[in-house]
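Chemist: Following this message is one structure expressed as structure tokens.
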Amino acid sequence: MNKILLIIRREYLTRVKKKSFIIMTILGPLLMAAVIIAPVLIASWSDETKVVGIVDESGFFNAAFKDSDKLKFKNLKLEINEAKAQKEKIGCDIILYIPKPAYVYPQTIFLYSEKNIGLSSKAYIRNSINNDLRELRLRNAGVSPEVIETAKTSIGVRSITLSEGGKEKERIGELEFAIGMISGILIYFFIFLFGTQVMRGVIEEKTSRIVEVIISSVKPFQLMMGKIIGIALVGLTQFSLWVLLTAAIVYSAQGVFSSEIQQIKTQELVQTGKVIDPATSVQIDRNYDKTAEVIKAMMSINYDVIILSFLFYFLFGYLIYAALFASIGSAVDNDADTQQFVLPVTVPLIISIASLQFIANNPDGPAAFWLSIIPFTSPVAMMVRIPFGVPWWEVALSMSLLILGFMATTWFAAKIYRTGILMYGKKPTYKELWKWLKYRN
């Protein structure tokens, strides 16, 4: 046991003192924070207001379009060819052409612009004209405007889970979906990243013949376990630092941007002298209610369970794959020879990451259940399911099988490792590995 601890200490200290570890520990949070903050910045920079000139030959839709944050509409008393030719002169970025219909109502509209029109802008224009056309057809069918207005209802949907004791718990599926997807991707990333580090470390020691000296003092199994656990501790250290630094950066940036945005909005209201009417006040109250619902749902999520589950599945998922990667590293002499063995080992991991969306869309389905039970796929699959709520017996079964899977793969890897670590100059095959598994002590 003392020898394993010495190997763990050596692996840990050697790697955390490397410049690459320090650089990645600093760059990692910056990159993750950039991924979180960049969409907000891009969205704020892309909020450019465009002027849309309307040429309506049908005469139906002069009042169909209402200004939005990104689009301003104005009716043009021009022919379509004149409007296209004088687009810049009349101060329009986009020309919306509604041709005179061949039958009763127009079937197609046309948008002319020098630059690409965003998908959201297209959708806004399409929805505006569809809504107005629907109202027009209803009025022509004899439906009164009062009935049309009352038919415009927006129903909110609140998801509430009932427990066996009758206790109600409100959930927001989008929030759980995001947490599950992020957790699954992080598990996949860390298992693959640190598992391959084990494999490369074994290959380096083998090719430099250092392992021959080490094996004279410790057993191959002790060397393998020391290396695996040492790198696991490196991974946990780096992950913990990433989480803390990323949270600090995002929190600081959020405070800066939110204060700036609030200041800009306040200045706009003061400059324009905008007065909040009763309808706007009601809408603001509704937005506050929605925000309160989101905050309430966020507070109802059991983050302790998610964090502890993440650490467990990361650790044992890593141990399973690290043992297999260590056996691959011991069997080959260079990185090029690892390809034939790495793909079969990583196929379950690839299947689990490819199934993330299907699992998140139906976390209680049979596919999600079996993927979260099988040890080779459960680290990723179960982490996607846990934010949605999983019965305790399924979690217990998954964890138990994962521990048993770790013990089985460690035994399997140790049989290959103890033979392959001293083999040189021979390219192994699957038949050769099978022989190594049958060797006795």
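The values are calculated or read from the model by the stated rules, or taken from the named source; none is laboratory data. Just so it is clear, the model here is predicted, and its values are computed rather than measured. Glycine gets a Cβ as well: all are built from the backbone with ideal geometry, and neighbour counts include every protein chain shown.
Chemist: Given the condition assigned to a helix (DSSP H, G or I) and either surrounded by 22 or more Cβ atoms within 10 Å (Cβ to Cβ) or of a type in the set (S, T, Y) (or both), answer yes or no: does some residue in segment 209-222 qualify?
Modeler: Filtering segment 209-222 for residues assigned to a helix (DSSP H, G or I) gives 210-215, 220-222.
Filter once more, so that each one left must be either surrounded by 22 or more Cβ atoms within 10 Å (Cβ to Cβ) or of a type in the set (S, T, Y) (or both): none.
No.
Chemist: Here is a further query. Can you tell me which residue in segment 342-368 is modelled with the highest pLDDT, limited to those that are over 23 Å from L319 (Cβ atoms) and buried (at least 20 other Cβ atoms within 10 Å of the Cβ)?
Modeler: Top of the filtered list is A368.
Chemist: Determine if segment 373-388 includes at least one residue that is loosely packed, with under 15 Cβ neighbours inside 10 Å and either in contact (Cβ under 8 Å) with a residue 60 or more places away in the chain or closer than 22 Å to I307 by Cα (or both). Before the answer, list the steps.
Modeler: Of the residues in segment 373-388, the ones loosely packed, with under 15 Cβ neighbours inside 10 Å are none.
Checked against the condition, which is being loosely packed, with under 15 Cβ neighbours inside 10 Å and either in contact (Cβ under 8 Å) with a residue 60 or more places away in the chain or closer than 22 Å to I307 by Cα (or both), segment 373-388 yields no hits at all.
Chemist: Tell me whether segment 417-429 contains one or more residues that are in contact (Cβ under 8 Å) with a residue 40 or more places away in the chain and farther than 29 Å from V218 by Cβ.
Modeler: Checking segment 417-429: not a single residue is in contact (Cβ under 8 Å) with a residue 40 or more places away in the chain and farther than 29 Å from V218 by Cβ.
Chemist: Same structure again: Of the conditions (1) surrounded by 15 or more Cβ atoms within 10 Å (Cβ to Cβ); (2) modelled with pLDDT of 85 or more, I117 fails just one. Which one is it?
Modeler: Against the list (1) surrounded by 15 or more Cβ atoms within 10 Å (Cβ to Cβ); (2) modelled with pLDDT of 85 or more, I117 comes up short only on (2).
Chemist: Scan segment 118-152 for residues that are of a type in the set (V, I, T) and in contact (Cβ under 8 Å) with a residue 60 or more places away in the chain and report the count.
Modeler: Taking segment 118-152 as the starting set, the residues that turn out to be of a type in the set (V, I, T) are 125, 129, 143, 147-148, 150.
Restricting the remaining residues to those that are in contact (Cβ under 8 Å) with a residue 60 or more places away in the chain gives 125, 129.
Final tally of qualifying residues: 2.
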